[in-house]
Amino acid sequence: MATPESTFAGKTLVVGLGKTGMSVVRFLAAKGESVAVTDSRDIPPGLDELKDSYPDVARFMGGFDEKAFLSADRLIVSPGLSLKDSLIQQAIERRVPVYGDIELFAHYADAPVIAITGSNGKTTVTTLIGEMARAAGFDVGVGGNIGTPALDLLDCGHDLFVLELSSFQLETLSSLKPLSAVVLNVSEDHMDRYASLQEYANAKARIFNKAENKVVNRDDNIVSSMPVSSNVVGFTLNEPLKQSDFGLRNIDSQTWICQGDEKLIATDELLISGQHNVANAMAALALGVSAGFSMASMLQALKGFTGLPHRTQFVAEINGIRFFNDSKATNVGSCLAALQGLHRYDESRSVVIMGGDCKGADFKELSNILEMTCRGVILIGRDAEQIAAVIPESVKTEKAVDMKEAVLKATAIAKQGDRVLLSPACASFDMFSGFEERGHVFSQLVREMGQEMGREMDR
């Protein structure tokens, strides 16, 4: 049991420090509220800031302190912590309010909110709709599950908030009334936290509970079955279902993003790669329309949007082989989207580097797409064997001890016109500090290989 470094006689217990927990401490301390913090880790991220800037805040580190829970009038739980923890459950049974930073944000937000969730693509859409909002003339605050914690966006004079929300954040959310909200898609993720895919989907669906306008993915059966009725705009990679919906139409030998019958922008004008990013673009347009953005300003922003690092990011072309960094693909659905999105239905194929910490995922869904799109699979990381079990015999499979070996083996298998794609379908923490480091290592190795090949050609 942790030993408190000061006496806690306050009302709010922040459960879990880190980036989000510190934002809660800063926000409540500025309002003069009594706060304490507990964390299961001895030295969680943010501890130095807590000690230096808030020395009077009680700290219970190295384990959750039962007395601190019993003394609290409310708990604010960081999103990385499950509500199924025994001390949290006991607090719920005692009718102690238990919520997260977004619920706290909802009580104080003084401007409209656009809210985005989904298994894949939410950071891209959040960033893109932020750019569209700026192009439309809004002073917009963008954050939540990415970048700036939501509470840190308050009191900055913004007239619009754009928030990426995870399923973890939505679990404790009941008061937020978004102007517009979207569930981009639902696929297996965090199955080490949720008992079923339906439980995970139910958490995502909470974003619609009090939303004025709802944006849904017509191509996703789980999202399409969520209980939404009025003020619904859909998007699809097929032709639009309704005049208000966004979809694709083939016009004069070009594929166009359309709203109903109105063509808006040809897909070959986009700087982002893959069908999944076309879907992301349509989701952002649907959100913007629902929020009252002008179409002209949105299309201007969309034409200049180059995408985000580690998300099917083009790295280099070497000897006719194109290399893509999709390290952010930390689940099966995101890997599936990348493979489908980059596939041209011609002779070019992918050699994909996969593996890491699978988070309890089921990889069976990948089998067909691997057979359809891939020439080879290079496996790395702790749970490589679980992926190996679903790879078709027609797809050449090899294992690598590290990323350098993986890049070399993938390049050796690939043929001219093919793609080498880092899309692991797994978390990275068995080998790297995070998906960012994993992507940086891959990209650097590719560039170094290209430079070495260039030197050899000059000799």
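What follows is calculated from the coordinates using simple rules that are stated; it is not laboratory data. Keep in mind that what you see is a predicted model, and the values were worked out from it rather than measured. When we count neighbours, we look across all protein chains shown, and the Cβ atoms used for this are built from the backbone with ideal geometry, even at glycine.
Placing unit charges on each Cβ (+1 for Lys and Arg, -1 for Asp and Glu) gives the range 313-458 a dipole about its Cα centre, and among F363, Q444, G417 the Cα reaching farthest toward its positive end belongs to G417.
3J(HN,Hα) along the range 229-245: 9, 7, 6, 10, 10, x, 9, 8, 7, 9, 5, x, 6, 10, 5, 7, 7 Hz, from the Karplus curve 6.51 cos²θ - 1.76 cosθ + 1.60 with θ = phi - 60°, whole Hz, x for Gly and Pro.
Per-residue packing, averaged as other Cβ atoms within 10 Å, sorts the ranges 116-125, 43-52, 217-226 into the order 116-125, 217-226, 43-52, beginning with the highest. Backbone amide hydrogens, once placed in the peptide plane, bring N213 within less than 5 Å of S180, A181, excluding anything fewer than 5 places away on its chain. A Cβ-based charge dipole, computed about the Cα centre of the chain with Lys and Arg at +1 and Asp and Glu at -1, lands at about 360 debye.
Across the chain, the relative contact order, built from alpha-carbon pairs under 8 Å that are at least six residues apart, equals 11 percent. A Cβ-based charge dipole, computed about the Cα centre of the range 313-458 with Lys and Arg at +1 and Asp and Glu at -1, lands at about 180 debye.
Residue by residue, the range 160-177 carries 3J(HN,Hα) couplings of 7, 10, 10, 10, 7, 10, 7, 4, 4, 5, 6, 4, 10, 9, 9, 9, 5, 10 Hz when phi is fed to the Karplus relation 6.51 cos²θ - 1.76 cosθ + 1.60 (θ = phi - 60°); x denotes Gly or Pro. The residue among V401, V37, M191 whose Cα reaches farthest toward the positive pole of the charge dipole of the chain, with charges on the beta-carbon of Lys, Arg, Asp and Glu, is M191.
Listed by chain and number, the aspartates and glutamates whose alpha-carbon sits under 17 Å from that of K303, ignoring those within fewer than 8 places in the same chain, are E131, D268, E269.
Shape of the range 316-459 from its Cα gyration tensor (a ≥ b ≥ c, root eigenvalues): rounded if a/c is under 1.5, otherwise prolate when a/b > b/c, or oblate? Before the final figure, lay out the partial values.
Values: a/c = 1.86, a/b = 1.29, b/c = 1.44.
Oblate.
In nm², what is the average projected area of the convex hull enclosing the Cα atoms of the range 103-303? Mind dumping the intermediate values first?
Working: hull surface 42.8 nm².
So the mean shadow area of the Cα hull is 10.7 nm².
Stokes-Einstein at 20 °C, 1.002 mPa s, Kirkwood radius from Cα pairs: D for the chain in µm² s⁻¹?
On the way: Rh = 23.5 Å.
Approximately 91 µm²/s, per Stokes-Einstein.
Across the range 152-158, computed HN-Hα scalar couplings (Karplus, 6.51 cos²θ - 1.76 cosθ + 1.60, θ = phi - 60°) run 6, 7, 6, 6, 10, x, 5 Hz from first to last residue, x flagging Gly and Pro.
Tell me the mean residue ellipticity at 222 nm calculated for the chain from its helices only (DSSP H runs of n ≥ 4, each -39500 (n - 2.57), averaged over every residue, nearest 500). Walk me through the numbers on the way to the answer.
Working: 17 runs with 162 residues, N = 459.
The helix-only estimate for the chain comes to -10000 deg cm²/dmol at 222 nm.
Name the shape class, rounded, prolate or oblate, that the alpha-carbon gyration tensor gives for the range 12-99, where a ≥ b ≥ c are the square roots of its eigenvalues, rounded holds for a/c under 1.5, and otherwise prolate holds if a/b is larger than b/c and oblate otherwise. Intermediate results must be reported in sequence, preceding the final value.
Values: a/c = 1.75, a/b = 1.38, b/c = 1.26.
The shape class here is prolate.
For the set K19/K210; K51/K84; K19/K396; K328/K415; K204/K242; K31/K210, the pairs lying more than 32 angstrom apart at their alpha carbons are K19/K396.
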